[in-house]
Amino acid sequence: MVVDDKPLAVDILAAYIAKLPWLDLVYSSGNPLEALDYLRAHPADLIFLDIQMPELNGLQFIRVSGGKIPVILTTAYADYALDGYAYDVVDYLLKPIPFDRFCQAAEKARLRIEGSPGLGFLPLSSPCLFVKTEHKIQRVALDDILFIEAKQNYISLETVAGKIMSLQGITSIEEKLPRQGFLRVHKSFIVALDKIDTIERSRIFIKETAIPIGDSYREALFRALKP
């Protein structure tokens, strides 16, 4: 599938796809909502997905669709690369896309679909986030996160290996986390549900840390924990 609101971009990708005998374009659209509707009734193995689109951008498309289909992001803006890899995309193509670079990304997708991780991307068995710290970009395995706390203009990710500080807002990191497994329980806290040890009164305990439960988040928390 190709989903891009620019007709010329769709035409270029369609021409590239036609040159590779093991790729077959089954659907293309400039409307991400129509593409979601198509996905509900038709199978697809791979999506070439633009990021900057009206109504629903590419990262939102991945979240709404469930993120189960391998995605190659295509965009004219390099600033989105870090966010894209946080969603475990196969590759990130910067427009204008040279054919050799397209072939490289398509080969990565082929290896993933055939069950071989290959090189250059993270296997689906290792979901993670990439966060920018003071001097580097750091990979953080989702399974290692205990909770996340907002502190003024930065956040603290508490992990099994220690604390990681990142200069971003808690809402920004919340949008990158999978909805299943993580939950905002306070204006300043996100917790990993499977890391909760106990809940007493209005506090969650994860190891030795007591995390407050905000009144407006209480119902969603207990709904998420209900068997």
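Roughly how many nanometres apart are two label points built 7 Å out from the Cα toward the Cβ at residue 95 and residue 198?
Those two pseudo-labels are separated by 5.6 nm.
Pop a pseudo-label 7 angstrom from the Cα along the beta-carbon direction at both residue 103 and residue 14 and give the gap in nm to one decimal.
2.3 nm
Please report, in debye to the nearest 20, how large the charge dipole of the chain is about its Cα centre when each Lys and Arg carries +1 at its beta carbon and each Asp and Glu carries -1 there.
The calculation lands at about 540 debye.
Taking the Cβ of residue 25 as the centre, find all other residues whose Cβ is under 14 Å away and add up their charges (Lys, Arg: +1; Asp, Glu: -1).
Neighbourhood net charge equals -3.
Considering the stretch 1-77, what Rg and Dmax in Å follow from its alpha-carbon atoms?
Taking only Cα atoms of the stretch 1-77, I get Rg and Dmax of 11.5, 34 Å.
Residue separation times 0.36 nm, minus the C-alpha to C-alpha distance between residue 24 and residue 217: what's the value?
Full-extension gain reported as 64.9 nm.
For the chain, what does the helix formula give at 222 nm: sum of -39500 (n - 2.57) over DSSP H segments with n ≥ 4, over the residue count, nearest 500 deg cm²/dmol?
-8500 deg cm²/dmol
Loop only per DSSP, at most 13 neighbouring Cβ atoms within 10 Å: give me the GluC sites (Glu not before Pro) in the stretch 151-227, ordered by residue number.
Those satisfying the criteria are 208.
Between residue 152 and residue 41, how high is the FRET efficiency from 1/(1 + (r/R0)^6) when r is the Cβ-Cβ distance and R₀ = 41 Å? Nearest 0.05.
0.30
Could you compute the FRET efficiency for residue 224 and residue 57, with r as their C-beta to C-beta distance and R0 at 25 Å, rounded to 0.05?
Between residue 224 and residue 57 the formula returns 0.45.
Of (i) -0.53, -0.63, -0.93, -1.28; (ii) -0.65, -0.74, -0.93, -1.19; (iii) -0.38, -0.46, -0.79, -1.42, which is the value of log10 I(q)/I(0) by the Debye sum over Cα atoms at q = 0.10, 0.11, 0.14, 0.18 Å⁻¹ derived from the coordinates here?
Checked against the structure: label (i).
Toward the positive end of the charge dipole of the stretch 2-113, about the Cα centre and with charges on Cβ (Lys, Arg +1; Asp, Glu -1), which of 35, 65, 17 goes farthest?
It is 17, whose Cα lies furthest towards the positive end.
What's the magnitude of the charge dipole for the stretch 2-113 around its Cα centre, counting Lys and Arg as +1 and Asp and Glu as -1 at the beta-carbon? Answer in Debye, nearest 20. It would help to have the intermediate numbers written out before the result.
Working: 10 positive and 15 negative charges, 57 e Å.
Computed about the Cα centre, the dipole is about 280 debye.
Under 24 Å from the Cα of residue 163, which lysines turn up, not counting those fewer than eight places away in the same chain?
Once the sequence-local lysines are set aside, what remains near residue 163 is 132, 136, 151, 176, 187, 195, 207.
Any lysines with Cα under 20 Å of the residue 108 Cα? List them, leaving off those in the same chain fewer than 8 positions away.
Straight-distance partners of residue 108: 19, 68, 95.
No value in this document is a laboratory result; all are computed from the given coordinates. Just so you know, these numbers come straight off a predicted model, no measurement behind them. Please note: Cβ atoms are built from the backbone with ideal geometry, for glycine as well, and neighbour counts cover all protein chains shown.
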